[in-house]
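The values are calculated or read from the model by the stated rules, or taken from the named source; none is laboratory data. Bear in mind that the values here come from a model prediction, so they are computed numbers and not experimental data. So basically every Cβ, Gly included, is an ideal-geometry build from the backbone, and we count neighbours across all protein chains shown. Side chains included, ligands, DNA and RNA excluded: accessible areas come from the protein's heavy atoms. Shrake-Rupley method; radii C 1.70, N 1.55, O 1.52, S 1.80 Å.
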Amino acid sequence: MWGGRFAEGPSSIMREINASIPFDKALWRQDIRASKAHVAMLGAQGIVAPEDAATISAGLDQVAAEYAQNGVPENWDLEDIHMTTESRLAELVGPVAGRLHTARSRNDQVATDFRLWVRDAVDEALAGLNALQKALVQRAGEHVNTILPGFTHLQTAQPVVLGHHLLAYYEMAARDVSRFADARARMNQCPLGSAALAGTGFPIDRFATASALDFDRPTDNSLDSVSDRDFALDYLMAAAQCALHLSRLAEEFIIWASQPFGFVTLPDSLSTGSSIMPQKKNPDAAELVRGHAGRIIGALTSLMITMKGLPLAYSKDMQDDKPPVFEAAGLLTLCLAAMTGMVEGAYFRQDRMRAAAELGYATATDLADWLVRQANIPFREAHHITGAAVKLAERKGVALDQLSLEELQAIDSRIDERVFPALSVEASVASRASHGGTAPVQVAQRVAQARAALGLVG
């Protein structure tokens, strides 16, 4: 490739450290597509003869067909996907293949290919999130009235309904969608035509190539164009946040599936057994989602550190930009599919959930709220009175609504028989009817809104 400048070829060490074809071959579809757009523009501009442009384009189609059928060959002497494709093109169409690289550099070529690949990865993530959201909303609609304990510090706090709990993850996924969509909008500018770093003296039409590749417009600064990897970082940041949300959901299922909780039975298809204990049903898919979140976050950290001290324009360090993105994208796709399947296939044990909601004095706040509303007691005083009631119930080993009226009045005489209906878990969740609350009427309304937003009917 550069024999005119060098008297000797690269050493075996240089050959190995320099070659990126083992991983950047994943860009072959994007490389073929961008090359076809480039040569079409060269022909339209008269930079390359139309018949040569047509020959090159047809040759690229043949190379693509070979890759699709047989995979991309790994010749480390050709270094990367770009030279691998150009070399095979030359074998197919002859010296005219050399005209393809007119008015471009591998710098803007890889920046374009990689941006196209990341844009496709964003679209895949958005499709996965859409499927997860639909699963969450569908199951939430089935469990508008299913009561379970809500937790803070993993301690029983207040009763909620399962639909409300699942919709919390729908909201997280909605924010993930917005992050990926924002990243896609920012990255949708085309660097092709920036050449090595300074642009080109050929009369190219960058708007034509941008349009052909479905970009909104070309980039505006050639130095930035070839050195920018913000689009990859934007993707990884969104992927890392999404992975955190998936990990939290996975942890919920892991806890809920444990015998002490027994809130959920996970689908067999996403569980494993034990090599020694025949009774075991392990939530391995959920645990791997939880573990993969660390690898995705690591991918983000890796690329940030690679980019942190690079001067303009291109440096070879940036060859290491692709492996972390490729790994993160593959893991994220798996995690989204696994958690979607888990939400769709989980069997929620409503009896265990409701029984747990009645434990742990989950309606204590309802007693305090009743004292405020019905006895006109300041909340801090009501909080103190309720704490004394919980202490008594705990000593007697009973629920709050199993204390007698006499026992409650011994704590505070302003309590009367009207308090007992307020202490049921059903009354507790029904009373939380503020916007965004867990009251079934609110949850049902939010399910309807989410279904409409997702285009679900019926």
Any idea of residue 55's accessible area? Nearest 10 Å², probe 1.4 Å.
60 Å²
Lysine pairs within the chain, Cα separation less than 22 Å, 8 or more sequence positions apart or different chains
5
Can you list the HN-Hα couplings for the stretch 127-138, worked out from phi with the Karplus curve (6.51, -1.76, 1.60; θ = phi - 60°), rounded to whole Hz and with x for Gly and Pro?
5, x, 5, 4, 5, 5, 4, 4, 5, 4, 5, 4
Centre separation in Å (Cα based) which lies between the stretch 369-418 and the stretch 167-210
60 Å
What is the spin-label model distance, in nm, from residue 127 to residue 16 if the labels are put 7 Å beyond Cα along the C-beta direction?
3.8 nm
Taking a crude spin-label model, label points 7 Å out from Cα along the C-beta direction, the residue 417 to residue 351 distance in nm is 3.3 nm
Amide H neighbours of residue 150 at under 5 Å, excluding residues fewer than 5 places away on the same chain, with H built from the backbone geometry, are 157, 158, 160
Per residue, how large is the accessible surface of the stretch 12-102? Use a 1.4 angstrom probe and give square angstrom.
46 Å²
Spin-label point model (7 Å from Cα, Cβ direction): what's the residue 230 to residue 426 distance in nm?
5.7 nm
Neighbourhood net charge (10 Å Cβ-Cβ; Lys/Arg +1, Asp/Glu -1) for residue 110:
-3
Any idea what the dipole of the stretch 247-388 comes to, in debye rounded to 20, about its Cα centre with Lys/Arg Cβ at +1 and Asp/Glu Cβ at -1?
120 debye
Rg/Rh of the stretch 359-448 (Cα atoms, Kirkwood Rh), to two decimals, equals 1.02
Simple Cβ-charge dipole of the chain, Lys/Arg +1 and Asp/Glu -1, about Cα centre, in debye nearest 20:
700 debye
Percent relative contact order of the chain, based on C-alpha pairs within less than 8 angstrom and at least six residues apart?
16 percent
Going toward the positive end of the dipole of the chain, with +1 on Lys and Arg Cβ and -1 on Asp and Glu Cβ, which of 265, 357, 64 do you reach last?
357
Of 75, 102, 43, whose Cα points farthest to the positive end of the dipole of the stretch 12-102 (charges on the beta-carbon: +1 Lys, Arg; -1 Asp, Glu; origin at the Cα centre)?
43
Counting alpha carbon pairs within less than 8 Å and at least 6 residues apart, what relative contact order, in whole percent, applies to the stretch 121-271?
18 percent
Alpha-carbon Debye profile of the stretch 216-318, log10 I(q)/I(0) at 0.14, 0.17, 0.20 Å⁻¹:
-0.69, -0.83, -1.00
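In terms of solvent-accessible area of protein heavy atoms at a 1.4 angstrom probe, what is the ranking of 365, 146, highest value first? Please list the in-between numbers first.
Numbers: 365 45, 146 10 Å².
Heavy-atom accessible area, descending, gives 365, 146.
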Computed [θ] at 222 nm, deg cm²/dmol, the chain (DSSP H ≥ 4; -39,500 (n - 2.57); rounded to nearest 500)
-20000 deg cm²/dmol
From Cα pairs below 8 angstrom and at least 6 apart in sequence, can you work out the relative contact order of the stretch 359-448, rounded to a whole percent?
26 percent
Restricted to the chain, the DSSP antiparallel beta bridge percent, nearest 5, is 80 percent
Give the angle, between 0 and 90 degrees and rounded to the nearest 10, that separates the Cα long axis of helix 379-396 from the longest principal axis of the Cα atoms of the chain.
70 degrees
Take the Cβ-Cβ distance between residue 384 and residue 258 as r, set R0 to 35 Å, and report the resulting FRET efficiency rounded to the nearest 0.05.
0.50
Compare the peptides 178-190, 328-340 by average per-residue count of other Cβ atoms within 10 angstrom and give them in order, highest first.
328-340, 178-190
Considering the dipole of the chain built from charges on the beta carbon (Lys and Arg +1, Asp and Glu -1) around the Cα centre, which of 455, 403, 247 is farthest to its positive end?
403
Theoretical gain in end-to-end length, residue 23 to residue 452 [0.36 nm per residue, Cα-Cα removed]
150.3 nm
Evaluate the charge dipole of the stretch 12-102 about its Cα centre and quote only its size in Debye, nearest 20, assuming +1 on the Cβ of each Lys and Arg and -1 on the Cβ of each Asp and Glu.
240 debye
Against the 2.2 N^0.38 Å rule of thumb, the C-alpha Rg of the chain sits at a ratio of 1.35
Whole-Hz Karplus ³J(HN,Hα) for the stretch 95-106, in order, using 6.51 cos²θ - 1.76 cosθ + 1.60 and θ = phi - 60°, x for Gly and Pro?
x, 4, 4, x, 6, 4, 8, 4, 6, 8, 10, 5
Take the Cα atoms of the stretch 12-102, find their three principal axes, and give me the spread along each one in whole Å, biggest first.
42, 27, 20
For the chain, which whole-number percentage of the solvent-accessible area (1.4 Å probe, protein heavy atoms only) is attributable to carbon and sulfur atoms?
54 percent
